[in-house]
Amino acid sequence: MATVVHDEAKAAALTQFPGATITDVELENENGSLVYDVELTADGKAYEVKVDATTGTVLHSEADEPDGDNVNSQVGEQNEANDLEGEALVLSCAVLLT
């Protein structure tokens, strides 16, 4: 259960980026934990801040790309694609060996 309200999550995010403009706040379940995903802009750049919905602690912050995708998720998607290509190659080799 979230004990932190939206306004408290916003305040926590603003401690990381004083003077920023909050553009969106969403309560999400990430791996069984409730976190607020606070999106904001500061100095013309977009950022995403994760705030623990139970304690109000800032868990993570990162820059977002202009299209809204964060840099780390793009890297994760590329790694996932590479993993799938590797699995396909292993399956192809296994078929050839049988």
*Could you say whether any residue in the range 19-28 is closer than 19 Å to T3 by Cβ, at pLDDT 95 or above and not acidic (D, E)?*
yes
*Does the range 11-20 contain at least one residue that is in the same structural domain as D52 (by TED's automatic domain parsing), assigned to a strand (DSSP E or B) and out of contact with any Asp or Glu (no Cβ under 7 Å at 6 or more places or on another chain)?*
no
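The values are calculated or read from the model by the stated rules, or taken from the named source; none is laboratory data. Worth saying up front: this structure is predicted, and the values here are computed from it rather than measured. For neighbour counting, all protein chains shown are included, and Cβ atoms are generated from backbone atoms with ideal geometry for every residue, glycine included.
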